[in-house]
Amino acid sequence: MTKKQKKALKRILISAVLMVVLAFLPVEGWLKFVFYMIPYLIIGNDILLRAWKGILNKQVFDENFLMAIATVGAIVLGDYKEGVAVMLFYQVGELFQSYAVGKSRRNISELMDIRPDYANVEVDGELEQVDPDEVEIGTIIVVQPGEKVPIDGIIVEGKSTLNTSALTGESVPRDAVAGDEIISGCINMTGLLKIRTTREFGESTVSKILELVENATSKKSKSENFISKFARYYTPAVCYGALALAVIPPIVRMIFLGLAPGWGDWIYRALTFLVISCPCALVVSVPLSFFAGIGGASSQGILIKGANYLETLAQVKYVVFDKTGTLTQGNFEVNGVHHSTMDEEKILEYAALAECYSSHPISLSLQKAYGKSLDKTRVTEVEEVSGNGVIAKVDGICVAVGNAKLMKKIGAEYVECSHVGTVVHIAVDGVYAGHVLIADAIKENAKEAISGLYKCGVSKTVMLTGDAKKVAEYVAAELGIKEVHVELLPTDKVSIVENLIQKKAEKEKLVFAGDGINDAPVLAIADVGIAMGALGSDAAIEAADVVLMDDDPAKIAKAIKIARKCMRIVYENIYFAMGIKLICLVLGAVGIANMWLAIFADVGVMVLAVLNATRALFVKNL
């Protein structure tokens, strides 16, 4: 409990004790007024002060104004006990709200407790703890067992096991050895590591993730914007409604019915009306629901960049996947060389050298299969043909490495491959030299991921790939994907997604899941772009609306379930708060509801709505 909350609790207890004492004191008249004003001012002085400042600043209509008018009015009518009780219970509700919101924020901070406090730098043989912000690129830092990795870098000495659960939500440890890249936010579990930093702290993974989560609340959903606008018009409306309730019926009774006006009774009803009408439950619980939902998702390694994306995720009916690295492992391995007119090692050498300037997974697999160091000075005139492959000169000989489209382009007669896998054709000096078969295994949980999407209400799954038809259709059939588009260029993927968006209903939303680097244009046009396996990837974090910190496609279904649970809670709170208030407003207007029922309609509903909102934080078992 914070210092402010403790102070509020102390005031509540003092006022409550004084109320109990006054209930047994036989005082009447002006003395009773004086005695009751003591607990009233103790418990309500801050509300009265804020209401007065609001009037001075021409921002009259808020909950402070409503409570001030209602309680002062009750005291003027001689209902001292009710006036003080309304203020007392309102403050109890405010304290509970403050505590619940604070606890939710602390829970989320604990779930995302990845910010390092220090970095160990070796100075004259001794370890010195320094602020991570002060560590420059290229500095050797030491991370001892049990400590967080403070800055991204490369391990130069030592081996260990890393706990990445704070980043990915998964408790499975990862092994790390010298030469491996390591990202900030992981916990070093076993051995001592020496790491050469490759980024400044402000640009490291941990800083980007924390900035993303902290800024998520600034992107408001339609529901939050509606509640903000609603409260702006609702509060003045109920104030004028209460004024009309206090004035019009007595005048009608007096002028048209010839009865006593009953001013006291109608003013009391109007004050009750004001207490009931406080919009606290909605104004507090709806943003808190989204905040809790985003925090709960982040604890599972799902970073959602704003409440607007959370709201959109709840309406997803179409999920479009990039194949490589999303549904397959993206770890290409050479399975064989076929129809070659030269020695296998020679054809691999030509292919590896031609592709040596590319970081594409297929290029890396060719280089790995060759297995020898590459002399890049042997390679000249490199031309990358987008979506087709590479043409380069190796030792002055023209080598073309790519798909069937590239072979057609250069006029080389190629041979089709009967095996399932990615086929890389090679032509040397314009003559077909054979092809290399490269396999990319399907992720073991990819089938479960597709099945999970259908179970949670997704109506259509689509796979896009630049791969050959045979490979793509095999993967789609294995996973149960209903629609597949093959041999695509990056621009083709954009066109297909745009076409899908045009065909779907307006309320049906489309998700695109890709690696976040090569698929940035498609991620941008989808209703929600999800970057897969983005641990340490700056491009993915920048391009996508939702970032999955590991490469588990099953988390797409989990993200949708989290969003739907959050939206369900939001609507529960809206319907519950509005329903109870409308009923109590009618009862108050006709004189059935008194101040005590008004307190339940305000404080009680707010407490229940806030409690319900915090349920959005618990998403582990979805």
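The values are calculated or read from the model by the stated rules, or taken from the named source; none is laboratory data. The structure displayed is predicted, hence computed values, not measured ones. Using ideal geometry, Cβ is built from the backbone for each residue, glycine included, and neighbour counts are taken over all protein chains shown. In case anyone asks, the SASA skips ligands and DNA or RNA and just uses the protein heavy atoms, side chains included. Shrake-Rupley method; radii C 1.70, N 1.55, O 1.52, S 1.80 Å.
Could you tell me whether any residue of segment 264-272 is crowded, with 24+ Cβ neighbours inside 10 Å and farther than 15 Å from Leu617 by Cα? Yes, segment 264-272 contains at least one residue that is crowded, with 24+ Cβ neighbours inside 10 Å and farther than 15 Å from Leu617 by Cα. Under the condition of being part of a helix (DSSP H, G or I) and of a type in the set (Asp, Glu), the residues counted in segment 22-55 number 1.
Looking at segment 310-323, can you tell me whether even one residue there is aromatic (Phe, Trp, Tyr), open to solvent by 30 Å² or more (accessible area, probe 1.4 Å) and touching a Gly at 6+ places or on another chain (Cβ under 8 Å)? So far as segment 310-323 goes, no, none of its residues is aromatic (Phe, Trp, Tyr), open to solvent by 30 Å² or more (accessible area, probe 1.4 Å) and touching a Gly at 6+ places or on another chain (Cβ under 8 Å). Against the numbered list (1) at pLDDT below 90; (2) open to solvent by less than 10 Å² (accessible area, probe 1.4 Å), Pro173 comes up short only at (2).
Within segment 35-54, the set of residues being open to solvent by 60 Å² or more (accessible area, probe 1.4 Å) and either among the aromatic types (Phe, Trp, Tyr) or more than 53 Å from the chain's Cα centre (by Cα) (or both) comprises Phe35, Trp52.
Considering only segment 364-378, I want to know if a residue exists there that is open to solvent by 20 Å² or more (accessible area, probe 1.4 Å) and closer than 30 Å to Gly480 by Cα. Yes.
Candidates Lys81, Lys4: the one that is at pLDDT below 90 and under 30 Å from Lys229 (Cα atoms) is Lys4. Restricting attention to segment 379-396 and to residues that are on the phi > 0 side of the Ramachandran plot and buried (at least 16 other Cβ atoms within 10 Å of the Cβ), the residue that is farthest from the chain's Cα centre (by Cα) turns out to be Gly389. With respect to (1) modelled with pLDDT of 85 or more; (2) part of a loop (DSSP other than H, G, I, E, B), the lone exception for Ala609 is condition (2).
So, Lys148, is that one at pLDDT below 90 and open to solvent by 70 Å² or more (accessible area, probe 1.4 Å) or not? So Lys148 does not fit the description; no. Within segment 279-336, the residues that satisfy the criterion of being within 30 Å of Val420 (Cβ to Cβ), touching a helix residue (DSSP H, G or I) at 6+ places or on another chain (Cβ under 8 Å) and among the aromatic types (Phe, Trp, Tyr) are Tyr318, Phe332. Restricting attention to segment 19-31, the residues that are open to solvent by 60 Å² or more (accessible area, probe 1.4 Å) and under 11 Å from Lys81 (Cα atoms) add up to 2. So for segment 441-458 (the condition being touching a Gly at 6+ places or on another chain (Cβ under 6 Å) and of a type outside the set (Gly, Ala, Ser)), does at least one residue qualify? The answer is yes; a qualifying residue exists.
In the set (1) in contact with a helix residue (DSSP H, G or I) (Cβ under 7 Å, 6 or more places away or on another chain); (2) open to solvent by 30 Å² or more (accessible area, probe 1.4 Å), the condition left unmet by Gln5 is number (2). Being part of a loop (DSSP other than H, G, I, E, B), more than 17 Å from the chain's Cα centre (by Cα) and of a type in the set (Val, Ile, Thr) holds for only one residue in Ile599, Ile592, Ile583, and it is Ile592. Restricting attention to segment 506-517, which residues are open to solvent by 50 Å² or more (accessible area, probe 1.4 Å) and free of Cβ contacts under 8 Å to residues at least 60 places away in the same chain? Listed by number, the residues that qualify are Glu506, Ile517.
Residues in segment 297-342 that are over 27 Å from Ala472 (Cβ atoms), among the aromatic types (Phe, Trp, Tyr) and part of a loop (DSSP other than H, G, I, E, B): 0 in all. Counting the residues of segment 252-282 that are within 20 Å of Tyr240 (Cα to Cα), touching a residue at least 12 places away in the same chain (Cβ under 8 Å) and aliphatic (A, V, I, L, M) gives 6.
Being within 27 Å of Leu464 (Cα to Cα), touching a helix residue (DSSP H, G or I) at 6+ places or on another chain (Cβ under 9 Å) and either assigned to a loop (DSSP other than H, G, I, E, B) or not small (Gly, Ala, Ser) (or both) is not true of Glu384.
Counting just the residues of segment 213-229 that are closer than 16 Å to Ile574 by Cβ and open to solvent by less than 50 Å² (accessible area, probe 1.4 Å), which one comes out modelled with the highest pLDDT? My answer is Ser223. Residues that are open to solvent by less than 10 Å² (accessible area, probe 1.4 Å) and farther than 20 Å from Arg564 by Cα were ranked within segment 602-619; the one that is farthest from the chain's Cα centre (by Cα) is Asp602.
Listed here are the residues, each with its yes/no results for (1) of a type in the set (Asp, Glu); (2) surrounded by fewer than 22 Cβ atoms within 10 Å (Cβ to Cβ); (3) at pLDDT 85 or above.
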residue: Glu122; (1), (2), (3): yes, yes, yes
residue: Gln129; (1), (2), (3): no, yes, yes
residue: Asp152; (1), (2), (3): yes, no, yes
residue: Glu211; (1), (2), (3): yes, yes, no
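For segment 324-338, the candidate set comprises residues that are among the polar types (S, T, N, Q) and over 24 Å from the mean Cα position of the chain (by Cα); within that set, the residue that is least open to solvent (accessible area, probe 1.4 Å) is Thr328.
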